[in-house]
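Below is one structure, written out as structure tokens; the observations come after it.
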Amino acid sequence: VTGVQTCALPIWLLVAVVGIPMVFNAIALWPEVAQRVPNVNDDAFHQLMIRSASEAIARGEHVLDSWGPEMDLGAPRFLYYQNLPAVFVIALDRITFGQFDLYDLLNLTRWALMVGFPLTVYWSARRLELSPVAAAGAAAASSLLSADHRYGIEYDSFVWRGWGMYTQLWAIHLSFITVACLWQLARTGRGAVAAIVAASALVV
């Protein structure tokens, strides 16, 4: 027999391999949501951007053409800065009829993206035709990435004590998804719409 043999694991074991690290991360990262303390990193900018855009929409202005006067001499930030992550929080606020503070929605979104990262890795790995075992292993290991505050995929880039790179957190998820969709498109010729949507979302 030639080639690499892959072992088949029960589905519950695969779920455990991916799910246990996610549960651990959900608990360990919950203070990011539960502790309402002022931001000490770039999340302060994202919070300001989201709040000013939400107020602009309430005044009937177009969000992409809104003016943010709070920093320096002001700027139309939604025209030149990554805006999908901010628009998502604003949309979430509208969907929940303003029942939650924008600051809490931002922190909850950050928490969900950090906790859900292994799921994105697993899905992308399966789309890249890795075996379920390999995909589960990659998903479980994805939370262990660490680079000592080097602006990478590690949690130090996103948590309160880190850099607050909120838009990069979105981009990491979308990068995995986009690569997987482009791979499928190149391999099978199918999934052009998914690849276009994923790549477009990554850009914004």
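The values are calculated or read from the model by the stated rules, or taken from the named source; none is laboratory data. Just so we're clear, the structure is a prediction, and the values are computed from it rather than from any experiment. Every residue, glycine as well, gets a Cβ built from its backbone with ideal geometry; the counts of neighbours run over all protein chains shown. Each accessible area value is taken on the protein alone, full model and side chains, heavy atoms only, with ligands, DNA and RNA left out. Shrake-Rupley method; radii C 1.70, N 1.55, O 1.52, S 1.80 Å.
Taking the criterion of being within 28 Å of Leu48 (Cα to Cα), modelled with pLDDT under 95 and open to solvent by 50 Å² or more (accessible area, probe 1.4 Å), would at least one residue in region 141-148 satisfy it?
Checking region 141-148: at least one residue is within 28 Å of Leu48 (Cα to Cα), modelled with pLDDT under 95 and open to solvent by 50 Å² or more (accessible area, probe 1.4 Å).
Within region 95-135, can you find the residues that are charged (D, E, K, R) and in a helix (DSSP H, G or I)? Show your work before the answer.
Within region 95-135, the first condition is being charged (D, E, K, R), and the residues that meet it are 101, 104, 110, 126-127, 129.
Once the filter is applied, which keeps residues that are charged (D, E, K, R) and in a helix (DSSP H, G or I), region 95-135 yields Asp104, Arg110, Arg126, Arg127.
Identify, from the list Gln184, Gln168, the residue that is in a helix (DSSP H, G or I) and closer than 18 Å to Leu84 by Cβ.
Among Gln184, Gln168, only Gln168 is in a helix (DSSP H, G or I) and closer than 18 Å to Leu84 by Cβ.
Scan region 35-69 for residues that are closer than 19 Å to Leu105 by Cβ and surrounded by 12 or more Cβ atoms within 10 Å (Cβ to Cβ) and report the count. Give the steps one after another, and end with the answer.
Step one: filter region 35-69 for residues closer than 19 Å to Leu105 by Cβ, giving 35-39, 41-58, 63, 66, 68.
Next, from what is left, pick out any that are surrounded by 12 or more Cβ atoms within 10 Å (Cβ to Cβ): 39, 41-57, 63, 66, 68.
Matching residues across region 35-69 total 21.
Taking Ala195, is it among the hydrophobic types (A, V, I, L, M, F, W, C), closer than 19 Å to Phe24 by Cα, surrounded by 14 or more Cβ atoms within 10 Å (Cβ to Cβ) and without any contact (Cβ under 8 Å) to a residue 24 or more places away in the chain? Even if it seems obvious, please write down each step before you answer.
Values: among the hydrophobic types (A, V, I, L, M, F, W, C): yes; closer than 19 Å to Phe24 by Cα: no; surrounded by 14 or more Cβ atoms within 10 Å (Cβ to Cβ): yes; without any contact (Cβ under 8 Å) to a residue 24 or more places away in the chain: yes.
No.
Taking region 135-163 only, how many residues are within 18 Å of Ile20 (Cβ to Cβ), of a type in the set (Gly, Ala, Ser) and without any contact (Cβ under 8 Å) to a residue 12 or more places away in the chain? Explain how you work it out, then say what you get.
Going through region 135-163, the residues within 18 Å of Ile20 (Cβ to Cβ) turn out to be 135-145, 155.
If we keep only those that are of a type in the set (Gly, Ala, Ser) too, we end up with 135-143.
Next, only the ones that are without any contact (Cβ under 8 Å) to a residue 12 or more places away in the chain stay: 141.
Adding up the residues that qualify gives 1.
Give Trp160, Trp170, Trp183 a once-over and let me know the one that is open to solvent by 50 Å² or more (accessible area, probe 1.4 Å) and modelled with pLDDT of 95 or more.
Unique residue meeting the criteria: Trp183.
Residue under question is Arg77, and the condition is that it be buried (at least 19 other Cβ atoms within 10 Å of the Cβ) and charged (D, E, K, R); does it hold? Give the derivation first.
Working: buried (at least 19 other Cβ atoms within 10 Å of the Cβ): yes; charged (D, E, K, R): yes.
It is true that Arg77 is buried (at least 19 other Cβ atoms within 10 Å of the Cβ) and charged (D, E, K, R).
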